[in-house]
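Reading through the structure tokens given below for one structure.
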Amino acid sequence: MASSSVSAADMAAVKTSSNGMWQGDDPLHFAFPLLILQTLLILLLSRILAFLLRPLRQPKVIAEIVAGILLGPSALGRNKAYLRALFPPWSSPVLESVASLGLLFFLFLVGLELDLRSVRRSGRRAFAIAAAGISLPFVCGVGVSFVIRRAIPGADEAGYAPFLVFMGVALSITAFPVLARILAELKLLTTSIGETALAAAAFNDVAAWVLLALAVAISGSGDDRRSPVTSLWVLLSGAAFVAVWMLAVRPLMSWVARRSDAGGGGDAVWVAATLAGVLASGLATDMIGIHAIFGAFVFGLTVPKDGAFAGRVTERVEDLVSELLLPLYFASSGLKTDVATIRGGGALAMLALVIGTACAGKIVGTFAVAMACGMGAKEAIVLGVLMNTKGLVELIVLNIGRERKVLNEETFAILVLMALVTTFITTPMVMAIYKPARAPGRRRLHPRKLHGPTTSAPSSPSSSAAANAKELRVLACIHGGHDVPALINLIETIRGHTQPRRLVKLYILRMVELTERTSSILMARAARRNGLPFLRPSRRGGGGDDQIDVAFGTYAQLGHVQVRPMTAVSALHTMHEDVEAVAEDKRVSLIIVPFHKRQLAGHGDEVENLGPEWRAVNRRILREAPCSVAVLVDRGFGGGEQVSSEQVAHGVCVVFFGGPDDREALELAGRMAEHPGVQVTVVRFLDGKAGREEHSEVTLRPSEAKNVEKSYTFATATVNGHREKELDEAAVAEFQQKMGAMVRFEERVAAGNVVEEVVAIGKSREYGLVVVGKGRLPSAMVAELAVRPAEHPELGPIGDALASAGHGVVSSVLVVQQHDMNADEVPVTVVQIDGHAQDGELGKDEVAVP
């Protein structure tokens, strides 16, 4: 697999493409078909490994390196026939050339991500931590190199100076890109410890590139040993390159960014010029004698970080680089790693020594200086662990060392495994050691709901804050621009009165999945402060989410609604934590979340499914939210377009069975009915089975045999059935008295299939929106539906029936859940018992539903 074994004559004999197998050609003997197959194998295996490592929160680079190791001589490559067929020696330069092109642009993105001004602003503490975090491991690496040169055969063939420098850099480096992704994943990116770690890693990164340039300058190529004069010329030329690029190219790129941001339709020209600049910079440093990636990195530093230009360039480049080309580079590192060369107790001892020295040097050095700077012991340890992150940049250093013949096969394999181990342990160690405490104001959840027994007026948004009785605070979560029209129409409907206008404060939280893309990390840094989403001002100029800002800004002006936009960039398994934190911090009364399925406009009944991960986000929000929650199943509510207050004209049907969730839905109906353009109909279902109310009740019994993902869940809190009935009757009576002729109220006796009757309402085309309660403390009619097969159990039996595509419902659906701190939900079985049964006859955790 080593490129050194391939002669120029061998490469000249290689043809690019074949004539096809029907003409007798074997495609695997031609460069391009073989490259395609190698790429497919690497991408497939790395994706599978990334999926398997996802529960451990491992960065993608781990999976890509391991994929290369498995495909290479350490595992599958032990079969020589496989290795000759799929990864013959002549294919190595082709694969590595394509991968190196991806590496060139990736290092440009790293420079684009690194803001030198923030490095300068980070202060002495970050500089001191970075200095200790690189100097002590560097010294340790130099010390270990003496041991390795004696213990590993062939390690002493390289010159002393380059070997010492490469070993020192390998042990002292911190991978800034990987660290940023780990911090973002753990929601530490904008916390105090995260900002310190990132600033120190930025210092470390700059120092590491300088040391790497020094190591490359003093090392020859192959058996060539450079004279001190040659190395000095390389270093001086490299310094001159940096000076020219920072003094001349940087102002030029600022001018390019301004011209591009100004518009005019020539944005593609400026992006193309920037990409050409990456290639030219790489060529310049390669001609100097420093690796081409150094030029790409420096050019990335010259691009201004303000404005939208850097973001547009990143979006054009990062997908191709990070998803296709970069995995090839790290997999090629794994392909060159032969773990079998680490044989015997001595080699394993060297591996343990290198890993132990790398961890101890980085963690101890960082810990000591962090403690001296006034940080707590736990934070100092965590900072040391974070600074011990290797990965991307480490592999680049090792590959250059191998290319320059500074590191032999066994030393290279030991250092690759060291990089894997140190990066692998970072996230688990930080999660085990550091659990940041929430702010004191969020330690206790306040029972806020739209309707509560202590509130004299049904329209009060909070039972815990009488001062806010006239103001409704809503947190609306969105995935993207397609959620905006229905959400604005829903907020306008819920607001009620337009003259005089009722005070509404609307917080918009755009939920964005955190990925390992550079743009995702930049967005996470821009959207969070102190670890949480914060209110951001509206931005000018182009951008992906500016259309969302414009839509809500227009609604705020025309509808006299206070709109506060925020963005939550988070891993999906922790997205609910951001939603809950914002809801608690802003003391909202209602969270609105979009259903994970939505009907595509203009495509008939075709439905877009965002996937089980987003569905799990909704389930967690419903389970842990500090206030009432409503799930919107949008089927083009309001015609699929945003309309003004004067243009609102649609019917709303509220289905009422009884229970806290249905009473919350009834409270929303009271608000909606006050809007002059909304016609509200309340349909109350009464049990039509003979003698039900006098002679029997339904008992819900927890069932451990049922799967919570496929069964409806109900609250098992002890309730007073008669008290619930009284609250239902009081709520209905108060609603009728207050609304009067403003609302059409009808009672239906449910003698047959209640699900069919509710679905008929949604299919009637009479209503644009159907509002139902989730039914966690259900009436007997809803409780009997617990045994039905559930497609979307998080919506409750009635909401699920209306949301399921197979029933032909055309109305949008709003499923409401009232906040209850004590409601634990479990799957249940339904047991019919005599109504004269005493409370003492019920089993443990059984709940009687009248």
Which of the peptides 426-432, 579-585, 338-344 is most tightly packed, and how do the rest follow, going by the mean number of other Cβ atoms within 10 Å of each residue? 579-585, 426-432, 338-344
To the nearest 10 Å², what's residue 255's accessible area with a 1.4 Å probe? 100
So residue 607 and residue 248, fully extended at 0.36 nm per residue minus their Cα-Cα distance, gain in nm 123.9 nm
Kindly rank 129-135, 565-571 from highest to lowest mean number of other beta carbons found within 10 Å of each residue. 129-135, 565-571
Pairs beyond 20 Å (Cα-Cα), from 336/390; 597/710; 60/305; 586/774; 187/505; 60/362: 60/305; 586/774; 187/505; 60/362
What ranking of 82, 555 comes out by heavy-atom accessible area, probe 1.4 Å, highest first? 82, 555
Taking all pairs of distinct alpha-carbon atoms in region 98-182, Kirkwood radius in angstrom: 15.3
Answer check: region 49-113, Cα atoms, Kirkwood Rh, Rg/Rh ratio of 1.07
Length gained if residue 41 through residue 623 is fully extended, taking 0.36 nm per residue and subtracting the Cα-Cα distance, is 205.4 nm
Stretchable slack from residue 586 to residue 738, in nm (0.36 nm times residue separation minus alpha-carbon distance): 51.7 nm
How would 319, 306 line up by accessible area, probe 1.4 Å, largest first? 306, 319
Obtain the nm distance between the two label points defined at residue 377 and residue 432 by a simple spin-label model: each point lies 7 Å from its Cα along the Cα-to-C-beta direction. 1.8
For region 40-166, what class follows from the C-alpha gyration tensor (a ≥ b ≥ c being the square roots of its eigenvalues): rounded when a/c is under 1.5, otherwise prolate if a/b is larger than b/c, else oblate? oblate
Quick one, what does Rg over Rh come out to for region 300-436 if you take C-alpha atoms and the Kirkwood Rh? 1.05
Pair residue 48, residue 746: separation of 7 Å Cα→Cβ label points (nm): 5.9
Prolate/oblate/rounded call for region 199-346, Cα gyration tensor, a/c under 1.5 rounded: oblate
With DNA, RNA and ligands ignored, accessible area of residue 253 (1.4 Å probe; Å², nearest 10): 10
Does a label point 7 Å from the Cα of residue 21, set along Cα-to-beta-carbon, have any residues of region 53-97 with amide nitrogen under 16 Å, and which are they? 85-86
Point-to-point label distance, residue 757-residue 79, nm (Cα→Cβ direction, 7 Å offset): 6.6
With every protein chain left in place and a probe of 1.4 Å, what is the accessible surface of residue 723, to the nearest 10 Å²? 120
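The values are calculated or read from the model by the stated rules, or taken from the named source; none is laboratory data. None of these values were measured; they are calculated from a predicted model. Methodologically, a virtual Cβ is constructed for each residue, glycine included, from the backbone with ideal geometry; neighbour enumeration extends over all protein chains shown. When the accessible area is computed, the model is the full protein with side chains, heavy atoms only, and any ligands, DNA or RNA have been set aside. Shrake-Rupley method; radii C 1.70, N 1.55, O 1.52, S 1.80 Å.
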